[in-house]
Structure formats: C-alpha cells, structure tokens
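The next block holds one structure in the form of structure tokens; read it before the comments.
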Amino acid sequence: MKVKQKYNHYWLMKSEPSVFSIEDLRQAENQTNFWDGVRNYQARNMMRDQMKIGDLAFFYHSSCKVPGIVGVIEVIKSAYPDKTALDPNSPYFDPRHTKQNPRWFGVEVKLVKIFDKIIPLEILKKNTKLSDLALVKKGNRLSIMPVPESAWLEILNSKN
DNA sequence: GCCAACGTTGGC
DNA sequence: GCCAACGTTGGC
C-alpha cells in the first residue's frame with residue numbers, strides 16, 4: 001500500500017541577528033534572501049527534501065540579548081546548492097562540497113511580516129500548549145525545525 | 001564567558 | 001561499527 005507522504009508547511013528558522021537579522025531581510029533586494037550557511041544534516045535534509053514554495057516560517061533570532069521569534073518569512077524558491085560552501089574565504093566553506101557533488105543546500109525566502117514586538121523564547125517556554133515544539137525542548141540545537149500547525153496557530157494567537 | 005547538550009570525526 | 005575526543009550551538 002502506498003503511503004501518502006505528509007508534508008509540513010510551517011517551520012522555524014534561526015539566525016543570529018549579528019550575522020543576518022530580520023531587519024537585514026527587510027532591507028534586502030525584493031526583501032528576499034538565500035538562506036545560506038546551514039551545515040547540519042538534519043536541517044539540510046528538511047530544507048532540501050521537505051520545504052516547498054509557499055511554506056511559511058518563523059524568523060527566530062538566536063544568540064542575542066533577547067532570543068525569540070521576530071516575524072514570518074515565506075519560502076519562494078526550493079532548495080539548491082549553497083554557493084558559500086565553494087568559497088574558501090567564506091566561514092561556511094566546506095572542501096567536501098563541490099559543484100558536481102553538492103553537499104549543502106539552502107532555500108530562498110521572502111519577508112512576510114515583522115512583528116511589532118518580539119515573542120521571546122522565555123514566553124514560548126512558559127506556554128504549555130507549545131510543549132510539542134522542538135524549540136522549547138531541552139538541548140535543542142536545530143537551526144531549522146518543523147512547527148506543528150497547532151503550535152503555529154497558538155504562537156500567532158498568543159501575540160495579543 | 002561559561003558550559004550543557006548535542007553533532008561530527010577519526011582511530012581502532 | 002563503536003565510542004572517545006573534539007567542535008559547535010545557544011541560552012544564561
């Protein structure tokens with residue numbers, strides 16, 4: 001029996017604002033950008049194999065004073081090889097990645113909305129309805145993760 | 001800047 | 001293929 005693949009449509013994508021913030025995305029050409037620098041296989045696989053055009057994602061600021069969700073972005077182009085892996089001068093350079101045999105991928109995203117106020121991680125952690133969200137689970141380090149629809153809606157609802 | 005909790009690497 | 005050592009993430 002053929003099992004129908006169930007696709008997720010909501011994601012969360014982390015970025016350090018000192019490297020690339022949602023404000024940088026707002027100022028980018030067409031408010032779009034290639035999501036480069038992902039060097040984790042789980043995160044790569046989700047981008048490469050599951051993210052589809054039209055999928056929505058929370059933009060999350062990590063490793064900063066107040067980590068949290070700062071807005072929404074949309075996938076406008078599905079995954080293709082990450083050029084920064086070819087560049088010896090890039091911090092994301094990986095000699096195992098070649099044009100013929102690419103190892104790392106990214107998607108193109110476009111800004112949808114910047115929230116008036118950040119939704120801090122601290123608040124998300126306190127919300128008992130979000131217990132199935134990978135972000136609030138102990139030890140989570142994934143830079144890209146699926147967001148269950150229920151959690152997506154709850155987070156949007158929770159901001160006043 | 002510390003360090004827990006991961007993921008990755010490489011010797012065997 | 002195991003697993004110790006090492007590197008990285010990211011909240012605090």
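The values are calculated or read from the model by the stated rules, or taken from the named source; none is laboratory data. Given the structure is predicted, the values throughout are model-derived calculations rather than measurements. Cβ sites come from the backbone with ideal geometry, for glycine too, and all protein chains shown count toward neighbours.
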Across region A:64-88, which residue is farthest from DNA strand C (Cβ to nearest atom) among those that are small (Gly, Ala, Ser) and modelled with pLDDT of 95 or more? A:78
Working only within region A:126-148, note down all residues that are among the small types (Gly, Ala, Ser) and either under 18 Å from the mean Cα position of the chain (by Cα) or near DNA strand C (Cβ under 9 Å from one of its atoms) (or both). A:134, A:139, A:143
Residue list for region A:49-92, restricted to those being closer than 30 Å to residue A:158 by Cα and among the charged types (D, E, K, R): A:52, A:55, A:65, A:74, A:77
Pair list, Cβ under 9 Å, 6 or more apart: region A:124-153 residue under 16 Å from residue A:46 (Cα atoms), other residue surrounded by fewer than 15 Cβ atoms within 10 Å (Cβ to Cβ) and among the basic types (Lys, Arg): A:135/A:125
Qualifying residue in region A:93-110 (condition: touching a Leu at 6+ places or on another chain (Cβ under 9 Å) and either among the aliphatic types (A, V, I, L, M) or within 18 Å of residue A:53 (Cα to Cα) (or both)): yes
Hits in region A:37-55 - residues which are surrounded by fewer than 17 Cβ atoms within 10 Å (Cβ to Cβ) and touching a residue at least 40 places away in the same chain (Cβ under 8 Å): A:40, A:42, A:52, A:54
Within region A:33-57, the count of residues that are of a type outside the set (D, E, K, R), at negative phi and within 12 Å of DNA strand C (Cβ to nearest atom) comes to 4
